[in-house]
Amino acid sequence: MDTASFENSFKATEIDKDFLAKIRKQETGNLISVHWELKIILYLGVLLLTTGLGIMVYKNIDTIGHQAIVAFITLLSAGSFFYCFKTKAPFSYQKVEAPNQFFDYALLLGCLSFVSLIAYLQFEYTLFGNRFGLASFIPLLVLFFSAYYFDHLGILSLAITNLAAWAGITVTPTRILKDNDFNSDSIIYTGILLGILLVVAGIASKKLRIKAHFEFTYSNFGTHILFISCLAALFNFEKTYLLWFLLLLGICVFYYMKALSEKSFYHMLLLTFYGYIAVSHVVIQLMFFSGDYFGSIYLAFFYFIASALGMILFLISMNKKLKS
């Protein structure tokens, strides 16, 4: 039965207009967008391709030969970048749309293969000797250049991740690579400085209108790195943990004002989550400071129940406030 016949059969009866509109919409067979599904599949395809090539190289290293592997990865990266330079849209400090659907994935493939090339040359031929920071600094420059020149948020995320790795390797290369010491003071301080740097970079991008849409990516990475590093300092530096707690509260106040100004529930959720961890740590420390072990356990039990309820009520209230 088509839509017209269906409507004629109900001429003599009353029917809700909204219900009739829903039926008409369903009968006309509107198209369903699969844009994001296809993009996810293509991104997964690029990642699976690079992963598969890495596994193939690893299992057949003796039969393929190092020179052939280097030549193949070089050609793959160079071909991808050549295509991107040839088809890219004109550069602009504002957001630039990709010229076609294949462009983003070709750029991602070129950057990933270039990083793999540098890593392979360093691992097999020790191209940079013991200067591990230099081996990560060169891909860092290429990734940041590609992110801005071709306007790609995914490459920007790779560049920020590479920046964090470069900062950690530069500060304590021996401890990371040999002693596997990830709790050193220098890494904590580096993380705090890196988090502040990324947050400032995001604010600057928005204020100066230089790729302003990069602001969220910078801010997202910077927020997590800054909070996690401050929490690590709070947990590890027992003698000065109250100072780190005050610093964390100051950061929470900053993001509270930012969440209100931008009406961002995401930032409100982050500051609540990390702030709750910091407050809980200090409260538990003070509870067990008295020396009454069993009494402190009971108090901690009631604290977590009451604080969890309070946090939920706070988030509900803030969500209503941001929406209004």
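The values are calculated or read from the model by the stated rules, or taken from the named source; none is laboratory data. Quantities reported herein were computed from a predicted structural model and do not represent experimental measurements. Methodologically, a virtual Cβ is constructed for each residue, glycine included, from the backbone with ideal geometry; neighbour enumeration extends over all protein chains shown. These accessible areas exclude ligands, DNA and RNA; they are computed on the full protein's heavy atoms, side chains included. Shrake-Rupley method; radii C 1.70, N 1.55, O 1.52, S 1.80 Å.
From the list 210, 225, 203, exactly one residue is buried (at least 21 other Cβ atoms within 10 Å of the Cβ) and in contact (Cβ under 8 Å) with a residue 12 or more places away in the chain. Which is it?
225
Is it the case, given these coordinates, that residue 263 is at pLDDT 90 or above and basic (Lys, Arg)?
yes
What number of residues within region 103-128 are over 23 Å from the mean Cα position of the chain (by Cα) and either small (Gly, Ala, Ser) or surrounded by fewer than 17 Cβ atoms within 10 Å (Cβ to Cβ) (or both)?
Final tally of qualifying residues: 6.
Among the residues of region 244-265, is any basic (Lys, Arg) and either under 18 Å from residue 191 (Cβ atoms) or open to solvent by less than 80 Å² (accessible area, probe 1.4 Å) (or both)?
Scanning region 244-265, I find at least one residue that is basic (Lys, Arg) and either under 18 Å from residue 191 (Cβ atoms) or open to solvent by less than 80 Å² (accessible area, probe 1.4 Å) (or both), so the answer is yes.
Can you find a residue that is open to solvent by 20 Å² or more (accessible area, probe 1.4 Å), part of a loop (DSSP other than H, G, I, E, B), of a type in the set (Val, Ile, Thr) and more than 24 Å from residue 154 (Cα to Cα) anywhere in region 269-287?
Among the residues of region 269-287, not one is open to solvent by 20 Å² or more (accessible area, probe 1.4 Å), part of a loop (DSSP other than H, G, I, E, B), of a type in the set (Val, Ile, Thr) and more than 24 Å from residue 154 (Cα to Cα), which makes the answer no.
Starting from residues that are farther than 11 Å from residue 111 by Cβ and free of Cβ contacts under 8 Å to residues at least 40 places away in the same chain, keep the ones in region 131-154 and report whichever is nearest to the chain's Cα centre (by Cα).
Selected residue: 140.
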